[in-house]
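The values are calculated or read from the model by the stated rules, or taken from the named source; none is laboratory data. Please read all numbers here as calculations on a predicted model, not as lab measurements. When we count neighbours, we look across all protein chains shown, and the Cβ atoms used for this are built from the backbone with ideal geometry, even at glycine. With ligands, DNA and RNA removed, areas are computed over all heavy atoms of the protein, side chains included. Shrake-Rupley method; radii C 1.70, N 1.55, O 1.52, S 1.80 Å.
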Amino acid sequence: MKKTLILALLVLSPTIFAKEIKVNVQGMICSLCSQGVQKKLSKVPGVIKSAFQLGKKEGDVKILPSVVITTEGDNDLDDKFINKLINEAGYNVASIERK
Amino acid sequence: MSKLVWLCYFISLYSFAHPVIYKDGTVVSSSNMPSYSDNQVMYSWSNRWSSGINHWRFTKGKNNTDMGFLKLNHLLYRYNGDDSQANFYVHGGVGIADSEIERRQTNEAFMTGAEGDWETRTLYTSLKHYYFTSPQVTDLAMTQARVGFAPYEAEFEQIQTWFMLQAMYMPDVESEVIITPLLRFFYKNVLWELGSSTRAEWMINVMVHY
Ligand SMILES: [Cu+2]
């Protein structure tokens with residue numbers, strides 16, 4: 001019973017403790033642009049998934065292109081790291097939102 | 001119309017003006033028309049510099065001029081806007097040329113060029129100019145301009161379609177400006193274009209980012 005519980009915790013922990021970081025990116029205007037960011041993120045340990053949203057206009061409000069990075073709880077990518085990664089892909093970070 | 005679009009999706013293949021991409025990225029591209037072809041593999045070792053190999057073939061009548069280069073590309077300027085992007089690149093290459101136009105001979109060759117583009121999610125413009133010289137073989141210049149628009153804004157996982165118009169001038173190969181309406185598609189890391197000039201010359205281009 002105890003073993004099962006530990007096992008279940010181990011299996012579930014990445015999802016239970018997963019964190020989402022939303023990075024708004026300037027210049028990432030098409031899926032081709034996003035490829036570089038996606039490729040780089042796929043190589044970062046602890047990153048479970050990255051979901052891209054291209055920019056759009058809702059009424060008069062401009063919504064910037066963004067990527068939502070899901071990480072295992074213990075891997076909190078810091079702002080400096082995220083900035084470097086986005087810059088290496090060729091784009092600029094406008095803002096970072098953490099949940 | 002939809003049949004034509006689907007046909008293009010499957011049989012057409014090409015190239016975006018992206019000589020430098022993300023750090024550690026590789027671009028393979030092939031651009032082809034009856035009067036020229038441009039094939040290249042470029043590796044970006046930073047987000048500003050890339051280098052690789054580039055083969056050009058210019059066809060005048062039945063004669064070909066082939067040129068192979070080791071090429072260096074530099075992204076001199078990049079503007080990242082909220083919903084737009086602009087780039088300015090410069091290029092240089094050294095290699096060899098082999099021409100049948102005068103008489104067959106192989107000699108050293110050099111190329112240089114510059115290109116700029118500006119695009120939003122629905123508008124596109126670009127201009128590029130290349131100059132090739134092989135002192136004892138030939139000199140060639142090429143200027144290409146494009147405008148385009150996208151009828152819809154695709155999501156990340158959808159195919160994006162563009163309508164474009166290309167004007168190309170290669171005075172040493174063709175005396176007239178070649179005007180080519182074309183369709184551009186891209187899906188994730190693959191981009192392909194299919195066009196036909198106003199004089200019914202085909203154009204097939206494909207580009208893949210790795
Ligand atoms: Cu793009």
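Can you report the number of residues in the stretch A:54-76 which are under 25 Å from B:S44 (Cα atoms) and either in contact with a strand residue (DSSP E or B) (Cβ under 8 Å, 6 or more places away or on another chain) or part of a strand (DSSP E or B) (or both)?
The qualifying residues number 4.
Answer yes if at least one residue in the stretch B:135-147 is in contact with a Lys or Arg (Cβ under 6 Å, 6 or more places away or on another chain) and away from chain A (no Cβ under 14 Å), and no otherwise.
yes
Limited to the stretch B:69-116, what total is found for residues that are open to solvent by 30 Å² or more (accessible area, probe 1.4 Å) and part of a strand (DSSP E or B)?
Qualifying residue count for the region: 18.
Which condition does A:T71 not pass, out of (1) under 12 Å from the mean Cα position of the chain (by Cα); (2) touching a residue at least 40 places away in the same chain (Cβ under 8 Å); (3) within 21 Å of B:D83 (Cβ to Cβ), if it passes all the others?
(3)
B:A167: away from the ligand (no atom under 16 Å from the Cβ), within 15 Å of B:W56 (Cβ to Cβ), away from every other protein chain (no Cβ under 14 Å) and part of a strand (DSSP E or B), yes or no?
For B:A167, the condition - away from the ligand (no atom under 16 Å from the Cβ), within 15 Å of B:W56 (Cβ to Cβ), away from every other protein chain (no Cβ under 14 Å) and part of a strand (DSSP E or B) - is not met.
B:L127 is checked against (1) part of a strand (DSSP E or B); (2) open to solvent by less than 60 Å² (accessible area, probe 1.4 Å) and fails just one. What number does that condition carry?
Condition (2) is where B:L127 drops out.
When you scan the stretch A:50-73, do you find a residue that is more than 21 Å from B:K23 (Cα to Cα), open to solvent by less than 10 Å² (accessible area, probe 1.4 Å) and away from the ligand (no atom under 16 Å from the Cβ), even just one?
The answer is yes, given that some residue of the stretch A:50-73 is more than 21 Å from B:K23 (Cα to Cα), open to solvent by less than 10 Å² (accessible area, probe 1.4 Å) and away from the ligand (no atom under 16 Å from the Cβ).
Restricting attention to the stretch B:183-204, report how many residues are within 21 Å of A:C33 (Cβ to Cβ) and open to solvent by 10 Å² or more (accessible area, probe 1.4 Å). Steps first, answer last, please.
Keep residues of the stretch B:183-204 that are within 21 Å of A:C33 (Cβ to Cβ), which gives B:183-193.
Subsequent filtering for residues that are open to solvent by 10 Å² or more (accessible area, probe 1.4 Å) retains B:183, B:187-190, B:192.
Count: 6.
Within the stretch B:41-60, take every residue that is touching a Pro at 6+ places or on another chain (Cβ under 7 Å) and not aliphatic (A, V, I, L, M) and give me the one that is least open to solvent (accessible area, probe 1.4 Å).
B:S50
Hey, does the stretch A:63-86 have a residue that's more than 10 Å from every other protein chain (Cβ to nearest Cβ), at positive phi, in contact with a Ser or Thr (Cβ under 9 Å, 6 or more places away or on another chain) and small (G, A, S)?
Among the residues of the stretch A:63-86, not one is more than 10 Å from every other protein chain (Cβ to nearest Cβ), at positive phi, in contact with a Ser or Thr (Cβ under 9 Å, 6 or more places away or on another chain) and small (G, A, S), which makes the answer no.
Going by the conditions given, is B:A141 in contact with a Pro (Cβ under 7 Å, 6 or more places away or on another chain) and open to solvent by less than 60 Å² (accessible area, probe 1.4 Å)?
Judged against the criteria, B:A141 is a match.
Tally up the residues in the stretch A:15-35 that are within 16 Å of the ligand (Cβ to nearest atom), among the small types (G, A, S) and touching a residue at least 24 places away in the same chain (Cβ under 8 Å), please.
The qualifying residues number 2.
List the residue pairs whose Cβ atoms are under 6 Å apart, where the first residue sits in the stretch A:79-91 and is surrounded by 14 or more Cβ atoms within 10 Å (Cβ to Cβ), the second is polar (S, T, N, Q), and the two are 6 or more positions apart or on different chains.
Note: pairs meeting the criteria are A:E88/B:N47; A:G90/B:N47; A:Y91/B:N80.
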